[in-house]
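The values are calculated or read from the model by the stated rules, or taken from the named source; none is laboratory data. None of the values given here were measured: they were computed from a predicted structure. The protein model used for the area step is the full one, side chains on, heavy atoms only, and it has no ligands, DNA or RNA in it. Shrake-Rupley method; radii C 1.70, N 1.55, O 1.52, S 1.80 Å.
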Amino acid sequence: MSVVAGSDLLVLWDVDGTLLNAGGVGAELYGLVFRGLFGRAPDAFAPMAGRTDRAIILETLELAGVASPRQWVDPFIAGLTAHAPSMRAAVAARGRVLPGAAAAIAALASARANDVPGQVYQSVLTGNIRAVAEVKLGALGLDGPLDLGIGAYGDDHEVRTELVYVARRRAAAAHGRAAADFAGRATVLVGDTPLDIEAALASGARAVAVATGSFPAADLRAAGAHAVLPDLTDTALVLRAVLSLGLRSRAQHAGEQGLS
């Protein structure tokens, strides 16, 4: 594999449907917070796959006929944050790590230490608010190799594409770099929905899709993913999809011929 010395890569994992399945605990948390604010159950939940909590909350409030729904988004997020720790035991009992996810994260951490010129920084880009993401990942033992401080979350912005820029800025600040150092394809998003792919493409990042959520591989290819994997069980294939694609783009940008 041919890479550029000194090239750094920011790898941002989606959470639900990519790394784990939380066993429906997230929807229960929404119901708990809604009842606490409005004294009744929600009429329906807005579609969740690939969306940010800010967007999901707003539409759920609209579906419920809540007056001035946007003014309730921040109080709803505060409720999710307050109740998130109470869901940890339920996630641990009912949730599960998706096959290959832990090994893939660990392999990328090893690549960062041993195999790749430059650095590979791993975090998450998720529609979950940070408090919920931390509980889900921590309950299932996936938070160790991930630097959650440089990630981007569903309370940061309503639009998923904007989260890419948030994560780049945080990674740059944490590592004494310029945000431009993670621009374009120096960032790789790994996710299971067309919205993950859309966020990558709109921000110039690489999109590695995994067909472990509710969207088949054909839909993910049609959305424009640069690589589509059936799952994360083939660690070598995951490494090639993430490292080779991302670092090849940096090599080509520097005038090299890509990977061998």
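Results, tabulated for the structure shown:
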item	result
Phi to ³J(HN,Hα) by Karplus 6.51 cos²θ - 1.76 cosθ + 1.60 over region 79-87, Hz, x for Gly, Pro	x, 4, 4, 5, 8, 3, x, 6, 8
Within the chain, helix-based [θ] at 222 nm, where runs of 4 or more DSSP H residues each add -39,500 (n - 2.57), nearest 500	-12000 deg cm²/dmol
Computed log₁₀ I(q)/I(0) - Debye formula, equal Cα scatterers, no solvent, region 52-192, q 0.10, 0.14, 0.19 Å⁻¹	-0.40, -0.75, -1.21
DSSP-defined beta bridges in the chain - what % are antiparallel, rounded to 5	10 percent
Per residue, in Å², the accessible surface of the chain once ligands and nucleic acids are set aside, probe 1.4 Å	40 Å²
Placed amide H near Ala227: partners under 5 Å, 5+ positions off or other chain	Ala207, Ala209
Percent carbon-and-sulfur accessible area, the chain, ignoring ligands, DNA and RNA, probe 1.4 Å	52 percent
Residue order for Met48, Met87 - accessible surface, 1.4 angstrom probe, largest first	Met48, Met87
Heavy-atom SASA rank of Phe45, Phe34, Phe215 (probe 1.4 Å, accessible area, largest first)	Phe45, Phe215, Phe34
